[in-house]
Amino acid sequence: METNDHSSKKNIKVGIPRALHFYRYFPFWKKLLEELDVEIVLSPPTNKKIVEEGVTHGFGELCIPVKIYYGHVLKLVREHPDLDYIFVPRYVAEVKEAYFCPKFISLPDIIKILPEVPKLLNFEVNVKEFPIATSAIELGKELGRTQNQSLNAYREAQKYFDEYHKFLRDGAPVNHALRLVERDRPFTLSKKKHKGDIKFLLLGHAYNIFDTFINLDFQKKLQDQGVEVLTIENLPESLFKEPVIINKRLRNYWKHEEEIMQSIRYFLTKGRGEIDGVIFLISFACGPDSLISELIMRDMKVVGLPFLEITMDEHSGEAGLLTRVESFVEMVRRKKKKLTMDSKKKETIKI
């Protein structure tokens with residue numbers, strides 16, 4: 001009879017799909033699991049085969065990020081048959097005022113139906129019901145660890161995650177920071193900091209902005225055209241303290257969309273002169289993003305800030321995307337040049 005004694009010191013192998021919340025929480029997950037003596041196996045970066053397989057198993061109404069997640073899970077299952085678990089966290093609520101999208105709430109349930117998936121290692125975040133430390137204790141219990149071991153692992157993971165966020169707020173690009181985390185390297189800024197003559201705020205969920213395959217390496221396309229890119233992760237923590245009140249009756253229901261609206265609020269007010277334009281990357285069939293995109297577009301018109309919405313799915317083509325981006329960059333650059341010339345003329349007249 002085969003036994004699987006997780007209380008022993010044998011390495012427990014846990015697969016983590018490189019998709020969805022990987023781009024947001026991987027540093028926390030990695031530190032937490034490693035402190036619990038777990039060996040982590042990551043799926044490779046998204047590629048064509050992963051997308052195609054994920055699309056095959058995902059039904060039509062799903063957004064492309066979830067279909068990609070399917071593909072990553074299946075890749076792990078096929079290439080690492082010795083995995084003890086697949087780590088599939090359930091994110092319900094990280095703050096008491098908002099929820100995550102239903103796809104994160106139901107993620108472990110929909111992954112269970114995929115073929116030959118090993119046991120799922122769940123980690124539920126739902127601060128409306130219990131603190132995250134409680135989830136860490138439950139996770140540790142599943143792995144055969146004591147309560148003290150689990151709490152110590154949680155504290156170390158949170159400390160490391162705080163350092164990671166500080167690194168991003170100091171200007172580090174997320175993909176650069178994640179590479180350092182993956183390679184167990186210290187947080188040091190890249191010597192080649194990209195500067196441009198215009199600056200854009202790039203909005204969107206982390207899995208849309210930082211998965212370079214599905215977004216066709218969007219940030220590099222902007223940088224190649226002389227654009228400096230800013231993302232939500234680089235903004236000061238203080239911007240996300242106060243909720244956005246859309247009107248007296250309407251408040252944002254979703255956690256991610258709330259953060260996007262909070263960042264926009266700053267650039268509509270105090271930070272209006274700090275950027276030259278806004279681009280919003282949206283997954284096709286994402287209802288919450290579609291709603292706030294309309295609100296953001298109206299606000300952008302009021303303050304005269306150029307705004308471009310890009311919708312992505314598995315059929316997105318590079319040629320069409322590049323044309324739209326080039327046109328938008330050129331339009332913004334001409335507008336900025338005209339405003340600079342008009343300002344100089346006014347100064348000359350005053351003199």
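The values are calculated or read from the model by the stated rules, or taken from the named source; none is laboratory data. Not measured: the values here are computed from a predicted model. FYI the Cβ positions are ideal-geometry reconstructions off the backbone, even for glycines, and counts take in every protein chain you see.
Test residue 93 against the stated conditions and say whether it is without any contact (Cβ under 8 Å) to a residue 40 or more places away in the chain, surrounded by fewer than 19 Cβ atoms within 10 Å (Cβ to Cβ) and closer than 18 Å to residue 25 by Cα. No; evaluated as a whole, the condition is false for this residue. If you go through the range 139-176 one residue at a time, how many are outside any helix (DSSP H, G or I), surrounded by 13 or more Cβ atoms within 10 Å (Cβ to Cβ) and over 21 Å from the mean Cα position of the chain (by Cα)? Here the count works out to 3. Quick check, is residue 2 surrounded by fewer than 22 Cβ atoms within 10 Å (Cβ to Cβ), outside the structural domain of residue 243 (by TED's automatic domain parsing), at pLDDT 90 or above and acidic (Asp, Glu)? No; evaluated as a whole, the condition is false for this residue. Contact map, the range 175-189: residues that are acidic (Asp, Glu) paired with residues that are outside any helix (DSSP H, G or I), Cβ distance under 6 Å, separation 6+ or inter-chain. No pairs are found. Number of residues in the range 107-138 that are polar (S, T, N, Q) and either without any contact (Cβ under 8 Å) to a residue 12 or more places away in the chain or in a helix (DSSP H, G or I) (or both) equals 2.
Pairs linking a residue in the range 46-73 that is in the same structural domain as residue 116 (by TED's automatic domain parsing) to a residue that is surrounded by fewer than 22 Cβ atoms within 10 Å (Cβ to Cβ) and of a type in the set (Phe, Trp, Tyr), with Cβ atoms under 8 Å and 6 or more positions apart or on different chains, are 46/213; 47/213; 48/213; 51/213; 63/284; 64/284.
Restricting the search to the range 210-221, which residues are among the hydrophobic types (A, V, I, L, M, F, W, C), crowded, with 20+ Cβ neighbours inside 10 Å and at pLDDT below 95?
214, 218
When residue 67 is tested against (1) closer than 30 Å to residue 128 by Cβ; (2) in contact with a His (Cβ under 9 Å, 6 or more places away or on another chain); (3) modelled with pLDDT of 95 or more, exactly one condition is not met: (3).
Which of the residues spanning the range 198-234 are of a type in the set (D, E, K, R), more than 25 Å from residue 294 (Cβ to Cβ) and touching a strand residue (DSSP E or B) at 6+ places or on another chain (Cβ under 8 Å)? Once the filter is applied, which keeps residues that are of a type in the set (D, E, K, R), more than 25 Å from residue 294 (Cβ to Cβ) and touching a strand residue (DSSP E or B) at 6+ places or on another chain (Cβ under 8 Å), the range 198-234 yields only 228. Restricting the range 177-203 to residues that are closer than 30 Å to residue 300 by Cα and surrounded by 13 or more Cβ atoms within 10 Å (Cβ to Cβ), which is nearest to the chain's Cα centre (by Cα)? Looking at residues that are closer than 30 Å to residue 300 by Cα and surrounded by 13 or more Cβ atoms within 10 Å (Cβ to Cβ), I get 203. Report, by residue number, each residue of the range 269-294 that is modelled with pLDDT under 90, farther than 17 Å from residue 205 by Cα and part of a helix (DSSP H, G or I). Once the filter is applied, which keeps residues that are modelled with pLDDT under 90, farther than 17 Å from residue 205 by Cα and part of a helix (DSSP H, G or I), the range 269-294 yields 272, 273. Within the range 322-341, one or more residues are exposed (fewer than 13 other Cβ atoms within 10 Å of the Cβ) and aliphatic (A, V, I, L, M). Can you work out which of the residues in the range 72-106 that are part of a helix (DSSP H, G or I) and among the aliphatic types (A, V, I, L, M) is nearest to residue 242 (Cα to Cα)? Filtering first and then ranking leaves 105.
Screening residue 103 on (1) among the charged types (D, E, K, R); (2) touching a residue at least 40 places away in the same chain (Cβ under 8 Å); (3) farther than 21 Å from residue 121 by Cα shows it passes everything except condition (3).
Within the set 216, 202, 222, the sole residue that is within 25 Å of residue 315 (Cα to Cα), part of a strand (DSSP E or B), touching a residue at least 40 places away in the same chain (Cβ under 8 Å) and of a type outside the set (Asp, Glu) turns out to be 202.
Considering the range 78-99 alone, what residues qualify as being within 24 Å of residue 61 (Cβ to Cβ) and at pLDDT 90 or above? Spell out the reasoning first.
Here is the first cut: in the range 78-99, the residues within 24 Å of residue 61 (Cβ to Cβ) are 86, 88-93, 98-99.
Hits for the range 78-99 are 86, 88, 89, 90, 91, 92, 93.
Report whether or not residue 187 is at pLDDT 95 or above, part of a loop (DSSP other than H, G, I, E, B) and among the aromatic types (Phe, Trp, Tyr). Yes, satisfied.
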